[in-house]
Every structure is written in structure tokens, then in C-alpha cells.
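Step one of this worksheet: look at the structure below.
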Amino acid sequence: MIKFFRQIRYKLMSKNKTGRYLKYAIGEIILVVIGILIALQVNNWNEERKANNELLNIKENLLQEFEANRNELQNVLKSVDYTKNGGLDILAVIGEEKINVSEEEFNKMIEKSLFFPTWKPKNFTLNELKNTGKLILIKNDTLKRLLFNWEKHISIIEEWNRRVEKSSQDIIDYIKAYGSIRNINHKRIETEASSLNVSNMALFDDVRFENQIDEKVLYAQFMKQYLEEADDIISEILEKVTQQ
């Protein structure tokens, strides 16, 4: 094609047809410009198609990840209620003059209160979006804000995870010093209760033990609150992702 155009230009110049040559040259320039514009448009279409495909992939990954996080969260919420109720059961009878609870029942209450559920949601997709700069592909500003809020909220939950775990460990350490851990977990590990003259019933009259149980219940309540807020954020994210 280029050789063909050169031949035409050569013939026009050799015949000294300057006017026709100029018109031809202008026409050729216009054709070249049109060709460049068409190439740019095709390239833009290709880039837009790639971006749309990338966005669809991001959308699918976010949906799968946050749906999995929500399912796991429901189980964790049940676990938080479980350990919180164990502590509440103890607080309901501790300090009473007449304890209508057997030692076995009391040890079960303690075991429940020692449970420390943790939740570590998956953030692979969001981390990849930030690390690769692909977060810019998400055009929904509300969704972007929710994803940023999600990160902040998870850091808060991680802190309460640590507090709940430490509170449980503090209770365990205290029972090690003033009670019997073996009497609490002997059935779980399929052994006999302690043959030593030790009973956890004395903890019913111990204000330090009461304070530690109360702290654990309080921490569990705060953790439940933040987990429920996380559930709300997940629902909003899933709603916005489907609108992308």
C-alpha cells in the first residue's frame, strides 16, 4: 500500500502537477490521521474491554471472599455468645450464701467462660487491589469507602480478639494458682479428676475471680458488638459489589 502511494506521488511530481500533488498529499495526510484515530479507538476499546473483564473478576472475587467471611462470622458470633453465657452463669450464682450448683456444673461453667473465639477474615482480594493499584478500577465511591472502613474495623476486632484471649488466659493462670485446671478439663482429655484435696468451689467466694469473670463477659460483649457491626459492613459491601 505504501509503495502504491509513492508511485502516485512520483507520477504527479514527474508531470509537474503541483496542484493535484498538494491535494493528494493533503488527502494522504487525512487518511493517515484517520488511520491513527481508528487505531487509537480500537486500542481504547481493547483497553476498556480488558478493564471491564478485570472489574468482573474483581467483583466475583470480592463476592466469594465476603460471603465466606460472613458465613464464618455467624459461627464466631455463636461462639462469643457461648463463652459470654458461661461467664454470666457464674456471675449469677457467685457470692450467694447457698450455692445450688454442683462442682461438676461449676467446672462446666468455667470451661465455657474460658473459651476465646477469634475471627480472622480473608482480605486477599482487597490486599491485591491495593498492592497492584487495581483499586482504581472500582468506580463506585461508596464501595471504596466501605472497603476502607472494613480495613479499619478489622483492626479494631483484632484488638478485641487479643483482649478476649488475654482475659481467658488470665483466668486460667489464676485457677492454676488457686484452683484446679485438671478438674475442669479432665473429661475433655479423658482422665480422672485430681486426686489432690483441691476444689474450685472456693472460687465462689473469691472477689478476684469474680472480677476476672466479669472482665471476660465485658470483653465478650464488646467483641460481639464489633462483630455485629462487621456483619453490617459485609452486607453493605455485598450489596454495592452486585451494583458495580
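Observations on the model:
- Segment 83-108: number of residues that are more than 16 Å from Ser168 (Cβ to Cβ), part of a helix (DSSP H, G or I) and without any contact (Cβ under 8 Å) to a residue 40 or more places away in the chain: 3
Results for (1) modelled with pLDDT of 90 or more; (2) farther than 24 Å from Val164 by Cβ; (3) touching a Lys or Arg at 6+ places or on another chain (Cβ under 6 Å); (4) among the charged types (D, E, K, R), shown as yes or no for each residue.
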| residue | (1), (2), (3), (4) |
| --- | --- |
| Glu105 | yes, no, no, yes |
| Lys112 | yes, no, no, yes |
| Phe115 | yes, no, no, no |
| Pro121 | yes, no, no, no |
| Leu129 | no, yes, no, no |
| Gly133 | no, yes, no, no |
| Ile136 | no, yes, no, no |
| Lys139 | no, yes, no, yes |
| Thr142 | yes, yes, yes, no |
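- Among residues of segment 189-226 being free of Cβ contacts under 8 Å to residues at least 24 places away in the same chain and within 36 Å of the chain's Cα centre (by Cα), the one that is farthest from Ile110 (Cα to Cα) is Gln225.
- None of Ser195, Ser167 is over 30 Å from Leu135 (Cβ atoms), small (Gly, Ala, Ser), loosely packed, with under 14 Cβ neighbours inside 10 Å and out of contact with any Gly (no Cβ under 8 Å at 6 or more places or on another chain) except Ser195.
- Residues being of a type in the set (D, E, K, R) and in contact with a helix residue (DSSP H, G or I) (Cβ under 8 Å, 6 or more places away or on another chain) - total across segment 143-187: 4
- Residue check for Lys78: over 14 Å from Glu210 (Cα atoms) and not in a helix (DSSP H, G or I): no
- Test: Asn131 is loosely packed, with under 12 Cβ neighbours inside 10 Å, in a helix (DSSP H, G or I) and of a type in the set (S, T, N, Q): yes
- The residues of segment 184-206 include none that are part of a loop (DSSP other than H, G, I, E, B) and among the aromatic types (Phe, Trp, Tyr).
- For the residues Ser235, Ser155, the requirement of being without any contact (Cβ under 8 Å) to a residue 60 or more places away in the chain, closer than 24 Å to Arg70 by Cβ and surrounded by fewer than 15 Cβ atoms within 10 Å (Cβ to Cβ) singles out Ser155.
- In the set (1) free of Cβ contacts under 8 Å to residues at least 40 places away in the same chain; (2) closer than 26 Å to Val76 by Cβ, the condition left unmet by Asp141 is number (2).
The values are calculated or read from the model by the stated rules, or taken from the named source; none is laboratory data. The structure presented is a predicted model; accordingly, all values stated were derived computationally and were not measured. In this analysis, Cβ positions are derived from the backbone assuming ideal geometry, glycine residues included, and neighbour counts consider all displayed protein chains.
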